[in-house]
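The values are calculated or read from the model by the stated rules, or taken from the named source; none is laboratory data. In this text, all values refer to a predicted model and were calculated from it rather than measured experimentally. All Cβ positions, glycine included, derive from the backbone under ideal geometry; neighbour counts span all protein chains shown.
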Amino acid sequence: MKQIPPSDWASIKLFAMDVDGILTDGTIHVSSDGVETKQFSILDGMGLVRLHKAGIATAWISGRMSGATLVRAQELQIPHLVQGRTDKLDALQELAAELELSHDQIVYMGDDDIDAPAIHWAGIGVTVPDAMPAALDAADYLTARPAGKGAVREVCEHILSAQGHPPIA
């Protein structure tokens, strides 16, 4: 992994990420009646809210359709939710074109093989410690915190700090 200079974090306009294995620990709970639940970190949620307030766009790009993901995205007012897309790079590039952003203005965070091309393409590609080898190989930055337990918040703090937004007192 390379050291990311603050100037790279400062140029970020979009933080896009996978959901399962990034915003969650990758575990999906399914009850006997077929209801799916997921566990999301409040730390990550606060980081995403702070990014929104700072004018940084956020996007979730998930390979799976999930009601739990939709509910959490609505709670956090995530402006760009893409579900059911396993072609993460295509989805990210479409979003970049829509927002008129270049790849160096984007952070993409993922943990699996299908995320690796998007991780590699983004200006800053991020993954978590227990990611699959392809994601680890593609990433510029590896979080200290695990997925679903503040890893997203860690990236939010890098962006906010580099852009001059102080931490919450």
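Residues in segment 71-125 that are assigned to a helix (DSSP H, G or I) and either of a type outside the set (Gly, Ala, Ser) or out of contact with any helix residue (DSSP H, G or I) (no Cβ under 9 Å at 6 or more places or on another chain) (or both): 26 in all. Summed over segment 7-45, residues that are among the acidic types (Asp, Glu), within 19 Å of residue 56 (Cβ to Cβ) and in a loop (DSSP other than H, G, I, E, B) total 1. Residues in segment 113-169 that are polar (S, T, N, Q) and over 14 Å from the mean Cα position of the chain (by Cα) were compared, and the one that is surrounded by the most Cβ atoms within 10 Å (Cβ to Cβ) is 163. Between 18, 33, 25, the distinction of being surrounded by 15 or more Cβ atoms within 10 Å (Cβ to Cβ), farther than 18 Å from residue 125 by Cβ and acidic (Asp, Glu) belongs to 25 only.
Scanning segment 17-31 for residues that are touching a Lys or Arg at 6+ places or on another chain (Cβ under 9 Å), touching a residue at least 40 places away in the same chain (Cβ under 8 Å) and not β-branched (Val, Ile, Thr) turns up 18, 20, 23, 25. If only one of 96, 68 is surrounded by 14 or more Cβ atoms within 10 Å (Cβ to Cβ) and modelled with pLDDT under 95, which one is it? Going through 96, 68 in turn, the sole match is 68.
So the check is Cβ under 7 Å with 6+ separation or different chains; which pairs have a first residue in segment 128-149 that's within 10 Å of residue 109 (Cβ to Cβ) and a second one that's hydrophobic (A, V, I, L, M, F, W, C) and surrounded by fewer than 22 Cβ atoms within 10 Å (Cβ to Cβ)? Pairs found: 139/1; 141/1; 141/4.
Please determine whether any residue of segment 44-56 is under 18 Å from residue 142 (Cα atoms), touching a helix residue (DSSP H, G or I) at 6+ places or on another chain (Cβ under 6 Å) and touching a residue at least 60 places away in the same chain (Cβ under 8 Å). Checked segment 44-56: at least one residue is under 18 Å from residue 142 (Cα atoms), touching a helix residue (DSSP H, G or I) at 6+ places or on another chain (Cβ under 6 Å) and touching a residue at least 60 places away in the same chain (Cβ under 8 Å). If the condition is being part of a helix (DSSP H, G or I) and polar (S, T, N, Q), then segment 126-166 contributes only 161. Under the condition of being touching a residue at least 24 places away in the same chain (Cβ under 8 Å) and within 15 Å of residue 23 (Cβ to Cβ), the residues counted in segment 116-127 number 1.
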